[in-house]
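Chemist: Can you keep this structure in mind? I'll have questions shortly.
The values are calculated or read from the model by the stated rules, or taken from the named source; none is laboratory data. Fair warning: this is a prediction, and the values are worked out from it, not measured in the lab. Counting neighbours? That spans all protein chains shown, and the Cβs are built from the backbone with ideal geometry, glycine included. Side chains included, ligands, DNA and RNA excluded: accessible areas come from the protein's heavy atoms. Shrake-Rupley method; radii C 1.70, N 1.55, O 1.52, S 1.80 Å.
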Amino acid sequence: SPEPSVRYRGIFINDEDWGMKTWSSNNYEKDLGDIGPKTYAKICELILRLKGNMLAPAMHECTGAFYTHPENKVVADKYGIMITTSHCEPLLFNNASKLEWDTKVDGEWNYKTNSETIKRKLDNRVREASPYENVYTLAMRGLHDGGMRGNYSQKEKVQILQNAINDQRVILKKYIDKPIEKIPQIFIPYKEAQDLYEEGLNVPEDVTLVWVDDNYGYIKRLSNPQEQKREGRAGVYYHLSYLGAPHDYLWINTTPPVLMYEQLKRAYDFGADRYWLLNVGDIKPMELGVTTFFSMAYDLEKFNFDNINEFQTDFLCEIYGDKYRTTFQRMLDNYYRLAWSRKPEFMGWEREWDVNKNLERLGDVEYSFDNHNDARYRLADYKAISDKAAQLVDELPSNLRPSFYEMVAYPMMASYQMNRKFMMSTLNHQLYSRRNFNGANWAAEESKIAYDSINALTTRYNTLLNGKWDHMMALGPGWCAKHSFLPELRVITGFKSEEVDLSPLDTQTDTIGFTLIDLARFKVNKNKDGNKARIVKGLGYDWQLLQLGEPTGNNANPTSKDALSVTYEFGKVDADSVSVTVYALPFFPIYKGKSNSFGVSIDNGDVTVMENFVKEYSNEWKDRVLRNSSIFTTKFHVDKSLPIHSLTLSCGDPGQMIQRIVIDWGGLKKTYVGPDARLFRNE
């Protein structure tokens, strides 16, 4: 076999409380009542079949910590699978489990005040694990996923973490009979740990820096030129599933393959070829995403922007037959596109753990049933793929139906019902306020039917194959997210239920005063230093976007005439000024000192620089990840006597991806431009 693109390739089982844990305890390992060696044997087999070699075990408090069942490490070794841990588990030690660390017995998890106890625990763990192959995390965060304990300054925290790393390497040398630089070690600058790293933490050169995404698919930082020379190279910790603010997405797989490829290829090109770890939640709902990730990790060179969006279709065709190729591709494209503008879990419009407690309540969707019709088209498109999925479940041979239902049909059918539930509750509220009580009652009934349908689909999932996967599929924790609930509905007694026509409205009048730029119709003005502009399909609100240069290209001043630039022409404008709104992917700067800038100008006039940067966990960042977009709006004066106008995009930091450009010169409809409005899809 050829050498894999990435040396260490693995999965992290996380947030297993309501899927993997309940399935294993109540179904697969009833005698143990936990995730144990029988389950891990199957997981290790899965990793081998995916051409992986590494596992980060489940580590929530509800689960028995990996090393509390001694057979677990023996099973992993039998399959040749290396054990690693997440960003908060130093030297394979799970401090989230009270079986490993109990503050009532062990004291505070504070390295400055209780280092001897912590070192003793870590020493015992390495002694136990050292006969086996492992990748050791160097870390000192708080308990579980908390920040470092203790009210210390940043400078003090850096020194505490530095001391912890130095002590941990002493422990490794004590038990592992090889040079320290030959022992696989990682440092994951996750959340506040990245700030400490940037503050001057000295991570030894042989340790692999594992860069992280923002939990929503956008990598926050990559190796700068100096870090790319490190002996330990770099890696990536990436999410397909997440529990946290602003909202979890634990239910089903909705990360588009093209986004995964763009971000992971970008990381690889900046030196992240040593270690790739994928947070897969409970594994089971994420089959397509997991398969895509491991295929890229094993042989990244066989992928490119032209074929990555077809990879999952190829995979499905191998199983269910090539005659479905066109159908599968259309279904997957629409499924990922619809979830791109708003994941099914986000449809309740609530946020989790928010400072503003009012935002933690379910709210109405921001899709419109009026004007630009995006609510109507969204429902119609979801219904189409749901109906096709249901048809294929009945059409396929009986032995293929369960796997197709789990991987394809359930996510598509349940996503439709989740959208229908919240769309209809919103319509119920709107019709009630307009005193259309008959229509409001019908919309309430539709929302209830959708709620019941999700439960029925989930029951079907859990009872397939005589309950083989019973307890695996669940909507998630009601104690933090509320998307699994039935929203409040207004039902008015004494009025009949009368169906509302939700077929799309005539949208011609809505186009007055608006121009949507067809991103594919650009003229290249300059290709600078090998940078090129290209259309990437399989991503964005309109399922295509413009990439301004390669991320590895050289920066330029977007106001400079030497910068890479492209121009679009558009027609006559009946106004003295236009408002230009640009929707960009919410990337982070590649590393400190870099930016995320691009320029916009009209009719070769002055360039307005747009800076695609925001602080993580700010309100603006929360909006960005929930809608998968950074939105920039600015005004330009124009000469309305000109018959043809032009808009120019200029590249500052290469790799920016533009998913939509809307020009408004006084349109009749000033409302939110819905991402699923057919008007804005060039159809």
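Chemist: For the structure I just gave you, tell me whether Tyr335 is touching a Lys or Arg at 6+ places or on another chain (Cβ under 9 Å) and hydroxyl-bearing (Ser, Thr, Tyr). Talk me through it step by step, then tell me what you get.
Modeler: Values: touching a Lys or Arg at 6+ places or on another chain (Cβ under 9 Å): no; hydroxyl-bearing (Ser, Thr, Tyr): yes.
Considered against the rule, which asks whether it is touching a Lys or Arg at 6+ places or on another chain (Cβ under 9 Å) and hydroxyl-bearing (Ser, Thr, Tyr), Tyr335 comes out as no.
Chemist: Something else about it: Checking the structure you have, find out if any residue of the range 13-20 is open to solvent by 40 Å² or more (accessible area, probe 1.4 Å), among the charged types (D, E, K, R) and modelled with pLDDT under 95.
Modeler: yes
Chemist: Take the range 390-429 and flag every residue that is farther than 27 Å from Tyr249 by Cβ and either surrounded by 16 or more Cβ atoms within 10 Å (Cβ to Cβ) or within 28 Å of the chain's Cα centre (by Cα) (or both). Spell out the reasoning first.
Modeler: Going residue by residue through the range 390-429, those that are farther than 27 Å from Tyr249 by Cβ are 391, 394-400.
Of everything in the range 390-429, just one residue is farther than 27 Å from Tyr249 by Cβ and either surrounded by 16 or more Cβ atoms within 10 Å (Cβ to Cβ) or within 28 Å of the chain's Cα centre (by Cα) (or both), namely Leu396.
Chemist: Residue by residue through the range 75-125, note down the ones that are over 32 Å from the mean Cα position of the chain (by Cα), in a loop (DSSP other than H, G, I, E, B) and of a type in the set (Val, Ile, Thr).
Modeler: Thr113
Chemist: I would also like to ask the following. Looking at Ser115, Ser130 in this structure, which one is of a type in the set (Gly, Ala, Ser), closer than 30 Å to Gly52 by Cα and at pLDDT 95 or above? Quick ask: steps written out before the conclusion?
Modeler: Values: Ser115 fails: closer than 30 Å to Gly52 by Cα.
Result: Ser130 is the single residue among Ser115, Ser130 that is of a type in the set (Gly, Ala, Ser), closer than 30 Å to Gly52 by Cα and at pLDDT 95 or above.
Chemist: Going by what's in this entry, would Ser1 be described as of a type in the set (Ser, Thr, Tyr), outside any helix (DSSP H, G or I) and open to solvent by 20 Å² or more (accessible area, probe 1.4 Å)?
Modeler: Values: of a type in the set (Ser, Thr, Tyr): yes; outside any helix (DSSP H, G or I): yes; open to solvent by 20 Å² or more (accessible area, probe 1.4 Å): yes.
Here the answer is yes, as Ser1 does meet what is asked.
Chemist: For the range 109-126, what are the residues that are in contact (Cβ under 8 Å) with a residue 40 or more places away in the chain and over 16 Å from Leu161 (Cα atoms)?
Modeler: Selection gives Asp123, Arg125, Val126.
Chemist: Would you please name the residue that is surrounded by the most Cβ atoms within 10 Å (Cβ to Cβ), looking only at residues in the range 45-68 that are of a type outside the set (Gly, Ala, Ser) and in a strand (DSSP E or B)?
Modeler: We begin by selecting, within the range 45-68, every residue of a type outside the set (Gly, Ala, Ser); these are 45-51, 53-55, 57, 59-63, 66-68.
Applying the additional criterion that residues be in a strand (DSSP E or B) yields 54-55.
Details: Met54: 24, Leu55: 26.
Step by step, filter the range 45-68, then rank; the result is Leu55.
Chemist: In the range 374-435, which helices (runs of 4 or more DSSP H) lie fully inside it and hold 2 or more residues that are without any contact (Cβ under 8 Å) to a residue 12 or more places away in the chain and more than 23 Å from Glu498 (Cβ to Cβ)? Give the steps one after another, and end with the answer.
Modeler: Values: elements: 374-395, 401-404, 410-433.
Once the helices (runs of 4 or more DSSP H) in the range 374-435 are filtered for at least 2 residues that are without any contact (Cβ under 8 Å) to a residue 12 or more places away in the chain and more than 23 Å from Glu498 (Cβ to Cβ), what remains is 374-395.
Here is a yes/no grid of residues against (1) free of Cβ contacts under 8 Å to residues at least 40 places away in the same chain; (2) out of contact with any Cys (no Cβ under 8 Å at 6 or more places or on another chain); (3) not in a loop (DSSP other than H, G, I, E, B):
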| position | (1), (2), (3) |
| --- | --- |
| Val170 | yes, yes, yes |
| Leu222 | no, yes, no |
| Gln228 | no, yes, yes |
| Ala245 | no, yes, no |
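Chemist: Taking Glu181, is it at pLDDT 95 or above, in a helix (DSSP H, G or I) and open to solvent by 10 Å² or more (accessible area, probe 1.4 Å)?
Modeler: Values: at pLDDT 95 or above: yes; in a helix (DSSP H, G or I): yes; open to solvent by 10 Å² or more (accessible area, probe 1.4 Å): yes.
Taking the combined requirement at face value, the residue satisfies it.
Chemist: Going by what's in this entry, would Leu362 be described as in contact with a Gly (Cβ under 8 Å, 6 or more places away or on another chain), of a type in the set (A, V, I, L, M) and closer than 23 Å to Met473 by Cβ?
Modeler: Values: in contact with a Gly (Cβ under 8 Å, 6 or more places away or on another chain): yes; of a type in the set (A, V, I, L, M): yes; closer than 23 Å to Met473 by Cβ: yes.
Judged against the criteria, Leu362 is a match.
Chemist: Just wondering, is there one or more residues in the range 436-446 that are under 24 Å from Asn373 (Cα atoms), assigned to a loop (DSSP other than H, G, I, E, B) and open to solvent by less than 90 Å² (accessible area, probe 1.4 Å)? Explain how you work it out, then say what you get.
Modeler: If we filter the range 436-446 for residues that are under 24 Å from Asn373 (Cα atoms), which is where we start, we get 436-446.
Then drop every residue that is not assigned to a loop (DSSP other than H, G, I, E, B), which leaves 436.
Subsequent filtering for residues that are open to solvent by less than 90 Å² (accessible area, probe 1.4 Å) retains 436.
The answer is yes, given that some residue of the range 436-446 is under 24 Å from Asn373 (Cα atoms), assigned to a loop (DSSP other than H, G, I, E, B) and open to solvent by less than 90 Å² (accessible area, probe 1.4 Å).
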